[in-house]
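Working notes for the structure below.
The values are calculated or read from the model by the stated rules, or taken from the named source; none is laboratory data. Bear in mind that the values here come from a model prediction, so they are computed numbers and not experimental data. Ideal geometry is used to build each Cβ from the backbone, glycine not excepted, and the neighbour counts take in all protein chains shown.
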Amino acid sequence: MAARTIAIYGKGGIGKSFTTTNMTATFAMMQKRVLQLGCDPKHDSTTSLFGGLSLPTVTEIFGEKTARHEKVQVEDIVFKKHLDGIEQPVFGIELGGPEVGRGCGGRGIISGFDVLEKLGLFQWELDVILMDFLGDVVCGGFATPLARSLCEEVILVVSNDRQSIFAANNICIANNHFKTVGGKSRLLGLIVNRDDGSGIAERYAEAAGINIIMKLPYSSAARDKADGFDVAVRLPEIYEKFSALCTKIWNREIPYCEARGLEYADFMRLFGEFDSRKAISANLEDLRLTKNIDLDANAMLSEKLAKEQFVANGFQSPIQIQLPAQNALGDKIAIGTNADSLPETDEFVQNIDAAPVKKLPPMAAKRYKNLSPAQATPAEPPRRALSDQERLLECIQKLPRVERELITLHDIKKKSVQEISIERQLEKSEIEARLGIARKRLKELFFQSE
């Protein structure tokens, strides 16, 4: 039976790792084989679960193995832990990400999932996979399980504050979008962590149509357990909450939400009246500028594409060749590939009979002299005529790498610009511009191949 896959999203610092870790321990207490997958570049999701140990990340291992030309194996990235008093061991993976300031965390998530899928993650003998995701970053990489339907269910962790609920609302809206393009992830509901009884999260849940599946009051004892690298479900009052939740999840007793997600104005009104007037633009005098600076966005994008093309060409600019109008014999030079358009008599026309026989070895010269022109130049077998589809695919391979990949995703694999934007971490405007350039070049190549 395939594992239950649950993505747990929450604003940074809201307690999503605390929630995920204690759900992992609770499922293990229920004798379930559970894997906790840390999907945050900080790679600290499993710290409490593994007694303060920082697990090697998929990103690190993949980089090291690649540098040594070695293969990545499952045991390189999956680790297990026997928690005191719990018979069933738990498993942990940290996807990780680039070093601070040295890359895109979202792209690291995408690459990490690619590695795990190739290692057969969803075919492993597991009962539950809990994915701990950062939920207040709009980067598409962090929406990978939603975009690619890698998780069956989604849980949002909030507190009774506007920022954490705003982050949850964004995830809700994103999930609804992916459902419109075939996404299969379904929303289980909200967990209200550090509940102070103010009812703010409940007010939002009612307006957005989301279940509240657990409310967990603030507990200093639970915080001390987490800070001491232990699980809080060792406390009876905390275990009671998590046991009830995990039992309902396992038994599929929680109905999925058809949450609509709130538009910005509707969301803000939950917290009181707000200024909905249009923002006032700063002028040149405010900024102490003597003249305005106009930015041509299309020119900026074209410049960026030109720079990338320059890099793709090995830091070499295209060579411009100026050809003379006529050759040394006074014949006009024809530019093209049509052999009939070449001059009939010039230095490029080879006469078989005029071959430098005397410069060849005696035996070779004798053999060469006795051959007819047809025998001297063996004919190549005729090439099979390609269909239009085959010619098109052949032309696509001649495009620069980025354009080739984008045109393949969009025109061959039929992915939308939105899906490509998430998968490749590119702005939609840039994708559309590159596709336009690719199609123009592809058209030229296609007709040249006739």
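Restricted to the stretch 214-290, the set of helices (runs of 4 or more DSSP H) holding at least 2 residues that are farther than 20 Å from Thr26 by Cα comprises 264-269. No other residue among Ile129, Ile155, Ile110 is among the β-branched types (Val, Ile, Thr) and either surrounded by fewer than 21 Cβ atoms within 10 Å (Cβ to Cβ) or at pLDDT below 90 (or both) apart from Ile110. Screening the stretch 1-95 for helices (runs of 4 or more DSSP H) wholly inside it with 3 or more residues that are surrounded by fewer than 21 Cβ atoms within 10 Å (Cβ to Cβ) returns the ranges 58-67, 74-77. Criterion applied to Phe178, Phe242 was being in contact (Cβ under 8 Å) with a residue 60 or more places away in the chain, crowded, with 20+ Cβ neighbours inside 10 Å, in contact with a helix residue (DSSP H, G or I) (Cβ under 8 Å, 6 or more places away or on another chain) and not acidic (Asp, Glu), and the one residue passing it is Phe242. Just one of the listed residues (Ala259, Ala265) is under 19 Å from Gly209 (Cβ atoms), surrounded by fewer than 14 Cβ atoms within 10 Å (Cβ to Cβ) and either under 31 Å from the mean Cα position of the chain (by Cα) or not assigned by TED's automatic domain parsing to the domain that holds Glu153 (or both), and it is Ala265. Of note, Leu262 satisfies the criterion of being among the hydrophobic types (A, V, I, L, M, F, W, C) and at pLDDT below 95.
Out of all the residues in the stretch 216-268, which are among the β-branched types (Val, Ile, Thr) and under 26 Å from Leu53 (Cβ atoms)? Val231, Val233, Ile238 - these are the residues of the stretch 216-268 that are among the β-branched types (Val, Ile, Thr) and under 26 Å from Leu53 (Cβ atoms).
Among the residues here, Ile171 qualifies as buried (at least 23 other Cβ atoms within 10 Å of the Cβ) and over 30 Å from Lys81 (Cα atoms).
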